[in-house]
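K.L.:
Below is the structure I would like to discuss, written out as structure tokens.
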Amino acid sequence: MKTLSPFYRLSISVACIFLLQFGFLSPENTFAQGIDSTNTEDVVRRVRFSGNNYVKSRTLENLVRTRTNREFLGIPRFTPWYFIWRISNGGLGEDPQYLNRQTVINDMDRISLYYESLGFLNVTVDTTIVEYRKDKIEVSFIIDEGPASRIQTISYSGFPGFDNPELKRRFFIQSPLTGRALSDSSYRVNRQYNTQELKNEQLRIISFLKNNGHASVDRDSVIAFVKQDSANTLLLDVQFNIDPGPVYKFGDLEVKLADPVQPDNYSQFDTLSGPPFTADTNKIYLSKEPETDTRFSLLSDQILFTPGETYNEELYLQTIKEFQNLGMLNIQRFGQNKDGVRPDFTKEEIPVYFDLETIIKHSISTELFGMKRYGFGTGFGVDYSNNNVFGKAERLTIGANASFEFVNAATLEEIAPSDTVQSSLFRSYEVRTEYSIPRIAFPFSFLDNTRYFTSGLTRYSLSYSRSDQLYFDINSDVRFNYQYEVQHNNRFSSFFDLIELDIVDTDPSSEFTNNLIDEFGQNSLEYIRILQDFEPQVSSVIRYTFRSQNTNLIKRNYGYFSEYSVSAGGNIPYALDRFVITPDTLEGNLPSLLGLSDNNLTYSRYVKLTADYRKYYPISNSAVFGWRLFGGIAHPYGKNETIPLNRRFFAGGSNDIRGWAPFQLGPGKIAPEDVTINGGEIKLAAFTEARQIFLRDLIGANWHAAWFVDAGNIWYGPRNDFNSQDASSSSDGSLEDELERGRFKFDTFYKQIAVGSGLGLRLDWEYVVVRFDFAFRAHDLQEGWFNNRKLYFSFGIGHSF
């Protein structure tokens with residue numbers, strides 16, 4: 001076996017790629033000899049790659065620095081901003097991309113190093129520069145990839161032993177590189193050489209060692225050497241040489257908590273020693289200012305490592321995150337040396353220091369707003385917040401708001417004709433409170449601070465509201481929510497609503513009932529179903545939501561976002577009805593809350609599933625293509641045939657299928673003006689959007705042009721029973737036909753997919769995106785394909801998906 005000349009040392013290889021990509025290195029290239037590196041007035045209009053069978057041209061385009069002007073949506077040589085520059089004589093648009101021959105030389109090196117990192121160690125790169133028109137240049141990179149080298153074995157030299165040998169064995173077999181064991185530290189690999197995979201393995205080794213006491217290990221302590229097989233130079237053997245250093249323990253821990261007012265005056269102290277806080281003779285020193293109003297136990301509860309025990313980097317970093325998640329303090333300093341420099345690795349123990357500072361405890365905010373619905377009105381609100389109620393980072397928010405709307409007699413006569421019309425004052429008010437604690441509470445408190453559950457939040461919220469409406473009054477609307485929120489890691493999070501309860505007690509007016517009778521007929525299905533939607537009811541939900549993401553939620557220009565949820569409704573009122581209120585009889589309703597009215601509260605039992613997946617592809621340095629798929633179904637069970645109105649699916653709006661206003665699409669192919677039962681139990685939708693930056697840093701924002709296509713609809717579910725008896729009770733005998741057009745059927749649903757498409761503008765600041773969309777209905781379910789020429793405008797904050 002012979003050694004490559006020179007040795008491929010992992011840390012140096014990765015560093016060279018980084019430096020070349022950012023233009024810090026420009027070594028000579030034997031294939032670029034004789035190229036004049038002086039700048040010219042030649043404009044690069046084409047950049048081509050040939051011979052690149054393994055790597056896509058788009059990848060190489062992003063790698064090199066020799067580029068054309070920005071192409072709209074990645075369309076080759078379609079550069080409208082450069083064209084604007086030309087016709088405006090340089091006054092507007094984008095400056096031309098001139099040829100720089102030294103940049104071409106550097107790009108050849110970039111391509112070579114990139115291919116070598118993928119295992120093509122014998123790659124060669126040449127270039128041709130052709131002026132195919134006056135001052136228009138085509139740059140071609142000619143690549144001879146050569147055969148790919150493969151790693152046949154991987155071994156680990158210098159890996160330390162542990163008291164538990166299973167720990168070391170498990171670490172080796174969990175590696176994505178190791179296959180069949182050849183010895184206790186050598187493994188068969190048989191995969192193509194890839195520098196990034198070896199880099200990831202290096203980081204995995206460092207992380208493992210740091211989490212098992214070897215605190216001083218760094219990248220220079222773990223070096224990968226690559227050797228060619230003497231019989232076949234395309235076969236490689238990789239050996240990680242490891243210098244783990246000594247094993248360290250956590251030393252004493254010092255935590256200081258100050259209030260926001262300077263100077264610091266620590267006058268309260270506590271010292272913790274012995275199990276379960278520390279091991280051996282180590283101690284935890286706590287000090288705080290009295291004005292922080294914080295218990296010492298809050299500080300000690302966030303500490304996940306034990307002074308005196310073996311050093312664990314993961315527990316140290318998780319402790320930092322625990323303090324950050326409290327929400328009532330800021331971390332001013334943390335470190336493993338009192339002077340704020342690197343830890344002192346000459347000693348066996350590594351001390352830890354935290355300097356914390358509380359934020360302002362009490363805050364009050366107010367708002368005053370105007371409104372117009374039927375008449376003109378005004379409202380005001382006030383919110384009080386306390387971010388450390390009982391000294392353990394409990395957060396309490398109490399709020400109230402009220403609004404008043406005056407509607408004169410003429411307006412009322414127009415919207416609700418009657419024999420006795422007089423001016424009315426509509427009033428509404430709401431009081432609400434929310435209490436949250438930064439940990440997992442009963443009955444799942446046993447999960448708190450366990451692996452993947454170190455960032456938990458428990459939230460309780462309660463609200464009560466009343467309001468006067470035109471046709472009916474809401475006597476009371478009581479909502480209660482008991483929710484857990486856990487950030488498992490940077491990518492995964494969970495939300496569990498243990499109890500979500502909504503009790504709505506309404507009083508439909510006689511005018512409301514008479515209007516339904518006049519339009520649909522008394523005892524018709526429409527009359528019954530609409531009254532069911534607006535009658536007093538109680539809704540309860542238990543729901544679990546899992547979210548996975550690796551994208552920037554503001555920019556949404558890479559990665560993915562997904563969310564999946566499952567919920568069940570109506571089980572709490574069913575249990576009360578079945579076992580408490582009337583144990584011998586299942587009434588299907590409950591008495592009004594606290595006897596506030598004489599109304600009974602109906603309930604529905606159902607299950608609901610949703611899936612939402614979004615993917616974003618950078619198609620150039622300034623363009624992104626994204627797509628989204630959404631599916632959901634809600635199914636009633638027991639004696640129920642529908643689900644509550646506020647639990648159904650709806651379609652349309654600026655964040656849904658653009659071209660239709662909110663709630664104005666579906667169910668099925670029913671026209672909006674003919675919908676008598678709102679919402680659906682099934683929803684399918686698909687969205688695509690391409691975005692291209694065409695102006696940068698204008699009024700502090702990047703301006704994006706966008707083209708989008710949205711498609712989807714909602715439908716009634718199979719549980720709905722639209723039988724002939726219901727149809728005969730309708731005023732014109734056509735109810736069955738009308739409602740059947742809104743039901744989901746496998747043989748017709750694809751014909752009822754509405755499609756909206758159009759162009760948009762996005763103003764992208766650092767922390768907010770403002771969106772303007774102009775859509776037309778490519779497939780209008782009432783008018784057919786491309787027959788509706790009307791343009792629909794929508795406005796939104798943030799990307800639509």
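The values are calculated or read from the model by the stated rules, or taken from the named source; none is laboratory data. Computed from a prediction, not measured in an experiment: that's the story for all the values here. Glycine also receives a Cβ, built like all others from the backbone with ideal geometry; neighbour counts cover every protein chain displayed. Quick note on the areas: whole protein, heavy atoms, side chains included, nothing else; ligands and nucleic acids left out. Shrake-Rupley method; radii C 1.70, N 1.55, O 1.52, S 1.80 Å.
K.L.:
Can you say whether Phe162 is surrounded by fewer than 16 Cβ atoms within 10 Å (Cβ to Cβ) and in a loop (DSSP other than H, G, I, E, B), as far as the supplied structure shows?
P.N.:
Answer is yes for this residue.
K.L.:
In addition: For the range 589-659, please list each of the strands (runs of 3 or more DSSP E) lying entirely inside it that holds at least 2 residues being of a type in the set (Phe, Trp, Tyr) and within 30 Å of Arg696 (Cβ to Cβ).
P.N.:
In the range 589-659, the matching strands (runs of 3 or more DSSP E) lie at 606-620, 623-636.
K.L.:
Condition first: open to solvent by 60 Å² or more (accessible area, probe 1.4 Å), hydroxyl-bearing (Ser, Thr, Tyr) and at pLDDT 90 or above. Now tell me which residues in the range 746-801 satisfy that.
P.N.:
Listed by number, the list holds a single entry, Tyr750.
K.L.:
Only residues that are in contact with a strand residue (DSSP E or B) (Cβ under 6 Å, 6 or more places away or on another chain), surrounded by fewer than 15 Cβ atoms within 10 Å (Cβ to Cβ) and farther than 24 Å from Leu121 by Cβ: list them for the range 194-233, please.
P.N.:
Once the filter is applied, which keeps residues that are in contact with a strand residue (DSSP E or B) (Cβ under 6 Å, 6 or more places away or on another chain), surrounded by fewer than 15 Cβ atoms within 10 Å (Cβ to Cβ) and farther than 24 Å from Leu121 by Cβ, the range 194-233 yields nothing.
K.L.:
Could I ask something else about it? Quick test for you: out of Gly569, Gly626, Gly588, pick the one residue that is closer than 17 Å to Glu681 by Cβ and out of contact with any Cys (no Cβ under 6 Å at 6 or more places or on another chain).
P.N.:
Within the list Gly569, Gly626, Gly588, the selection yields Gly569.
K.L.:
Looking only at the range 403-419, decide whether some residue is within 19 Å of Val431 (Cα to Cα) and modelled with pLDDT of 95 or more.
P.N.:
For the range 403-419, residues within 19 Å of Val431 (Cα to Cα) and modelled with pLDDT of 95 or more: absent.
K.L.:
Another question, then. Restricting attention to the range 118-128, and to residues there that are over 18 Å from Thr233 (Cβ atoms) and open to solvent by 50 Å² or more (accessible area, probe 1.4 Å), which single residue is nearest to the chain's Cα centre (by Cα)?
P.N.:
Per the criteria, the residue is Asp126.
K.L.:
Determine the pairs where a residue that is open to solvent by 20 Å² or more (accessible area, probe 1.4 Å), located within the range 170-193, has a partner that is part of a loop (DSSP other than H, G, I, E, B) and among the hydrophobic types (A, V, I, L, M, F, W, C) with Cβ atoms under 7 Å apart, the partner being 6 or more residues away or on another chain.
P.N.:
Matching pairs, first to second residue: Ser185/Phe159; Arg188/Leu182; Val189/Leu177; Gln192/Ala148.
K.L.:
All but one of (1) open to solvent by 60 Å² or more (accessible area, probe 1.4 Å); (2) under 22 Å from Leu759 (Cβ atoms); (3) assigned to a helix (DSSP H, G or I) hold for Asn62, so report the exception by its number.
P.N.:
Only one criterion is unmet by Asn62, namely (2).
K.L.:
Also, quick follow-up: Does Leu629 fit the bill of being more than 16 Å from Asp710 (Cβ to Cβ), open to solvent by 20 Å² or more (accessible area, probe 1.4 Å) and touching a residue at least 24 places away in the same chain (Cβ under 8 Å)?
P.N.:
So Leu629 does not fit the description; no.
Okay, residues lined up against (1) outside any strand (DSSP E or B); (2) open to solvent by less than 70 Å² (accessible area, probe 1.4 Å):
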{"residue": "Ser297", "(1), (2)": "yes, yes"}
{"residue": "Gln318", "(1), (2)": "yes, yes"}
{"residue": "Asn330", "(1), (2)": "no, no"}
{"residue": "Phe345", "(1), (2)": "yes, yes"}
{"residue": "Glu367", "(1), (2)": "no, no"}
{"residue": "Gly377", "(1), (2)": "no, yes"}
{"residue": "Asp383", "(1), (2)": "no, yes"}
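K.L.:
Taking only the range 215-244 into account, find how many residues are farther than 23 Å from Ser117 by Cα and touching a residue at least 60 places away in the same chain (Cβ under 8 Å).
P.N.:
4
K.L.:
Looking only at the range 82-117, which residues are hydrophobic (A, V, I, L, M, F, W, C) and buried (at least 19 other Cβ atoms within 10 Å of the Cβ)?
P.N.:
Leu99, Val104, Ile105, Met108, Ile111, Leu113
K.L.:
Hey, among the residues in the range 662-681 that are open to solvent by less than 50 Å² (accessible area, probe 1.4 Å) and at pLDDT 85 or above, which one's nearest to Lys751 (Cα to Cα)?
P.N.:
Top of the filtered list is Gly668.
K.L.:
Quick one: which residue in Glu357, Glu309 is at pLDDT 95 or above, open to solvent by 70 Å² or more (accessible area, probe 1.4 Å) and among the acidic types (Asp, Glu)?
P.N.:
Glu309
K.L.:
Please enumerate the residues belonging to the range 169-204 that are small (Gly, Ala, Ser), at pLDDT 90 or above and in a loop (DSSP other than H, G, I, E, B).
P.N.:
Selection gives Ser175 alone.
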